[in-house]
Amino acid sequence: QTETPENFIHECFQQLTFILQQPDHREQMTMDSSLFTPQSLKLMDKFVQDAKGLYNSKVIALNFSDTQRAQNQNNEYVEGETHGKIAGLVKEMEEDTAFALINYIVFQGMVGPPGLESLKEATWMCVHAPVLNPSLKTRI
């Protein structure tokens, strides 16, 4: 835990991402955070607004009952958003996947020794259905 107020951390993060995403800045950073949720789940408006406002995250409804199709849609989304720089991120999606969170950063600029002018990093995680507590569904 930190003594730094949470609002200050959010503001600093927003300022940093804004600066690095400007086309005239010498370093360029493209980043995305997307939460894929079941099509059948109705999310609270405040949750969706906070995801978009604080983290510039997209909330995308997806049909998880067809895991192969859901995996393909996740991969096509990331590949399209990164203009092919990140492809095939999701290698295997298990049948009981209930949510998927995808984050990626593509950075171009001087980040270290010569030859390391670009960096790309992507992560994904999923939440499996048995983990969900029905009483929590209304709070998401």
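A few comments on the model shown:
- For Glu11 and His83, a Förster radius of 41 Å and the Cβ-Cβ distance give a FRET efficiency of 0.90, rounded to the nearest 0.05.
- Accessible surface, per residue, of the range 45-89 when the full set of protein chains is kept, probe 1.4 Å, Å²: 60
- The range 68-106: GluC sites (Glu not before Pro) in DSSP loop, at most 12 other beta carbons within 10 Å: Glu92, Glu94, Glu95
- Measuring max minus min along each principal axis, the C-alpha atoms of the range 29-84 give extents of 33, 30, 9 Å (largest first).
The values are calculated or read from the model by the stated rules, or taken from the named source; none is laboratory data. The shown structure was predicted, so the numbers you read here are calculated from the model rather than taken from an experiment. Every residue, glycine as well, gets a Cβ built from its backbone with ideal geometry; the counts of neighbours run over all protein chains shown. Just the protein is used for accessible areas: all its heavy atoms, side chains included, with ligands, DNA and RNA removed. Shrake-Rupley method; radii C 1.70, N 1.55, O 1.52, S 1.80 Å.
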